[in-house]
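The values are calculated or read from the model by the stated rules, or taken from the named source; none is laboratory data. Computed from a predicted structure; not experimentally measured. Counting neighbours? That spans all protein chains shown, and the Cβs are built from the backbone with ideal geometry, glycine included. In case anyone asks, the SASA skips ligands and DNA or RNA and just uses the protein heavy atoms, side chains included. Shrake-Rupley method; radii C 1.70, N 1.55, O 1.52, S 1.80 Å.
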Amino acid sequence: NEQNSPTDAYGEFFAVDGVEDAIGDTSNSNVRFEPFDRASDARLGAHELRRRLDALTATLGAERRARSACEEKLAAVTLECETRVLEARAETDSSTLEAAELRRRHDLLLESSPEAFKEVFARYERDVAAAERE
């Protein structure tokens, strides 16, 4: 008899002596649904109901802890991704500014005038002074 056979870890919570929860497939059966309180005490006994309730409570607690751990991991990964995106944007902006400065120095060198050379050397001296301060 299938009702007396061992069930999987979750199946026992959805079948009570021929009465299945709505989750079960009842399309081809003549299963009569009745409220849990009428389908339980007389047939299963308080000890079995307590065992099943304790098992469900433990499963629910484990699932809640797993969900909480997943949410914490998701928050940490989201923060890490956002941090990396901001770092990449800052690096891109810095590289853009540096490229603009180098283009300006290139243009000054192409002018080949004393004022342009003076400006380029002044910029290099500022760069050297900044590097020494670091």
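Here Ser68 passes the criteria (1) modelled with pLDDT under 95; (2) open to solvent by less than 70 Å² (accessible area, probe 1.4 Å) except the one numbered (1). For the residues Glu91, Glu63, the requirement of being farther than 30 Å from Tyr124 by Cβ and open to solvent by 60 Å² or more (accessible area, probe 1.4 Å) singles out Glu63.
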